[in-house]
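See below for the structure under consideration.
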Amino acid sequence: MQLKEAIQICLTYLGDEDASINTQTAQHPKLKLLVKCANLVIKEIAAEYVPLIEEETADVVDGKISFEGLMHKVAEVRKVQDALSGLTSDFYNTPTHCRLLNDGVKKARIVYSYLPLDIDIEDDCPLPPAVGAKTLALGICAEYSMISGMYEQSVMYSDRFKQDMRTAVRKKGEIKVKPRRWC
C-alpha cells in the first residue's frame, strides 16, 4: 500500500473527497501536514501495536554488538544467539550497543524491533498487510484533527483507529473448546 492511498481516504473522511493527489498538489501545506501525521501514526503502530522485526548477523567486538552496523535503528533487542552454535546469549542494552554476557561469541544473530524511517507521499508503507489503508487513514485523521484543534473529531477518529488496530492484531484462527463431560 502506498501512503497516498491512505491519505486519499483520509481526505475523504475530512470532507475533501474532491482533492486529488498528484505531483503539483503534493507540495500543498495540508498534504505536507498529513504526511507528517502519517509518519507519526506509522511509528506509533510499529512501536505499540505491530512491531517491525528484523534479524541480522553481526560481528561481536569486545563482547558488544554495535547498533551502528545494523540496517535499521534499533527500538528493542529481542533475542541474541551465537551464529555458530545457535545458543541463546544473555545480554543487556545500552543506547549505542548490545552487551553480551556470554564470553567467546564472535558472530551473533540478533533479532530486534525497529521504527521505520519517515516516508513520502509516493512511498510504500512499511506496515504489514494486516494494517490496511483505512486503519492508517483513521490514525492520520486523529492526529490531524488534534493538531488542527478539532478535539471532538480527534477523539472519534482515535477511538475508531484503536478499534481497527485491535481487530488487526487480534489472533485469528480456529477456536477450540475443550470437550466437557455432562453429568
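What the table shows:
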| read-out | value |
| --- | --- |
| Some residue of the stretch 47-55 being assigned to a strand (DSSP E or B) and in contact with a Lys or Arg (Cβ under 9 Å, 6 or more places away or on another chain) | yes |
| ALA58 vs. criteria in contact (Cβ under 8 Å) with a residue 12 or more places away in the chain and closer than 30 Å to MET1 by Cα | no |
| Boolean, ARG78 is surrounded by fewer than 17 Cβ atoms within 10 Å (Cβ to Cβ), of a type in the set (D, E, K, R) and either modelled with pLDDT of 90 or more or more than 29 Å from SER158 (Cβ to Cβ) (or both) | yes |
| Residue satisfying all of: in the stretch 1-18; assigned to a loop (DSSP other than H, G, I, E, B) and in contact (Cβ under 8 Å) with a residue 60 or more places away in the chain; nearest to the chain's Cα centre (by Cα) among these | MET1 |
| Complete set of residues in the stretch 33-85 that are of a type in the set (Gly, Ala, Ser) and farther than 30 Å from GLY139 by Cβ | ALA58, GLY63, SER66, GLY69, ALA83, SER85 |
| Strands (runs of 3 or more DSSP E) lying entirely in the stretch 87-183 (those with 3 or more residues that are open to solvent by less than 60 Å² (accessible area, probe 1.4 Å)) | 97-100, 107-114 |
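The values are calculated or read from the model by the stated rules, or taken from the named source; none is laboratory data. The structure presented is a predicted model; accordingly, all values stated were derived computationally and were not measured. When we count neighbours, we look across all protein chains shown, and the Cβ atoms used for this are built from the backbone with ideal geometry, even at glycine. Accessible surface is based on the protein model in full, side chains and every heavy atom, while ligands, DNA and RNA are left aside. Shrake-Rupley method; radii C 1.70, N 1.55, O 1.52, S 1.80 Å.
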